[in-house]
Ligand SMILES: C[S@@+](CC[C@H](N)C(=O)[O-])C[C@H]1O[C@@H](n2cnc3c(N)ncnc32)[C@H](O)[C@@H]1O
């Protein structure tokens, strides 16, 4: 068994520093390859993208680095038990055999995130419930007392993964989801998830080697993620919650400090010399963007403009535009179609061939009103919304004119 409790805390005893073990990094659909690259940069080996996750091998230093620096990871998980279960009773019996008293503090709290696939366990909620019952019953038998469930801020986060009859239990080393960067002071109407925002920027291929512009920036998520990349600021630099791995018995504070200090020393070390601009029609959300930027001390790195996107030219020189226009519920269909028509016109008339546009939307009908053919379409999900990240390469005049003399 790799886990035990000491001094009333939830702790693990293995793997020790330097020993390599398998991990799973969770991400969003469509960002697996991006996360795989980030993990390789952390020193991970045997990196394999799977759906909404990446499996890899590394030691505790890799685990610390992955948690601290990966912009497209939601959580880093460490598998610790694997067995087969062909029905609910077998799941209960096998979970009961695990020495949970060495894992979970009887006075502490825990929670279980579960995913199931296959025909045996069709409801992930019931599988989690059965697992919870087995843990709690064992603890009650031993102590006449049980740990409580806390779905918000548990001391101990467990992941239950079932594919057909294969059950895997994993420890969540991150704790609070890694999309919660900590820089949000104010939230706009429809802020984009930070992991999705970072993933969109990385998918656009922006390497901090030209300007960056979001003409509908809202509370500034894409701008802040871009400015963090431009300044080499680690993804979790502003994190407020503790990482769960800090409660593990093999938590090596010296190693962790070394990882953090090494990454923090890189801040500002790049030679980013371009512009990062944002624009929005709504003064209220722009003020929220300003507040968020101030908190992150990035307000001097990003220029904010107020107005409709068709009034604001992008910065001079080569510019990548990554944006998240309105879609979904709040705007009437005809207004949305008009907005997308205006967007297409603005791309053609104002942005010119020095700009490349990447736009995410779930509104496939409104999308047609842009009137330009995307050169790439990448499927992503914004929450449960099936989206496309569209790339538009722009040419002054028509594409035909551009290549007329070739
Ligand atoms: C989905 S939100 C963007 C959210 C943003 N990515 C964030 O993380 O907060 C879309 C934004 O487009 C802005 N918007 C709508 N019409 C606009 C227009 N004509 N010009 C500029 N901004 C506009 C809205 O005010 C809103 O803030």
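The values are calculated or read from the model by the stated rules, or taken from the named source; none is laboratory data. These numbers were taken from a predicted model, which means no experiment stands behind them. Quick reminder, even Gly has a Cβ in these numbers, built from the backbone with ideal geometry, and neighbours come from all protein chains shown.
Listed by first and then second residue, the pairs linking a residue in segment 220-241 that is within 16 Å of residue 175 (Cα to Cα) to a residue that is outside any loop (DSSP other than H, G, I, E, B) and within 16 Å of the ligand (Cβ to nearest atom), with Cβ atoms under 9 Å apart and 6 or more places separating them unless they lie on different chains, are 235/194; 235/195; 235/198; 235/225; 235/228; 237/228; 238/228; 238/295. Among the conditions (1) within 16 Å of the ligand (Cβ to nearest atom); (2) surrounded by 18 or more Cβ atoms within 10 Å (Cβ to Cβ), residue 187 misses just one, which is (2).
Tell me, please, whether a residue that is crowded, with 24+ Cβ neighbours inside 10 Å, assigned to a helix (DSSP H, G or I), at pLDDT 95 or above and touching a helix residue (DSSP H, G or I) at 6+ places or on another chain (Cβ under 8 Å) can be found in segment 37-56. Looking through segment 37-56, at least one residue is crowded, with 24+ Cβ neighbours inside 10 Å, assigned to a helix (DSSP H, G or I), at pLDDT 95 or above and touching a helix residue (DSSP H, G or I) at 6+ places or on another chain (Cβ under 8 Å). Report whether or not residue 226 is modelled with pLDDT of 95 or more, over 30 Å from residue 103 (Cα atoms) and away from the ligand (no atom under 16 Å from the Cβ). Judged against the criteria, residue 226 is not a match.
Of all residues in segment 284-322, those being out of contact with any strand residue (DSSP E or B) (no Cβ under 6 Å at 6 or more places or on another chain), within 12 Å of the ligand (Cβ to nearest atom) and without any contact (Cβ under 8 Å) to a residue 60 or more places away in the chain number 6.
Going by the conditions given, is residue 244 in contact with a helix residue (DSSP H, G or I) (Cβ under 6 Å, 6 or more places away or on another chain), farther than 25 Å from residue 339 by Cα and at pLDDT below 95? Answer is no for this residue. Please tell me if residue 71 is at pLDDT 95 or above, within 18 Å of residue 262 (Cβ to Cβ), assigned to a loop (DSSP other than H, G, I, E, B) and in contact with a helix residue (DSSP H, G or I) (Cβ under 8 Å, 6 or more places away or on another chain). So residue 71 passes the test. A count restricted to segment 330-340 and to residues that are within 11 Å of the ligand (Cβ to nearest atom) and modelled with pLDDT under 80 stands at 2.
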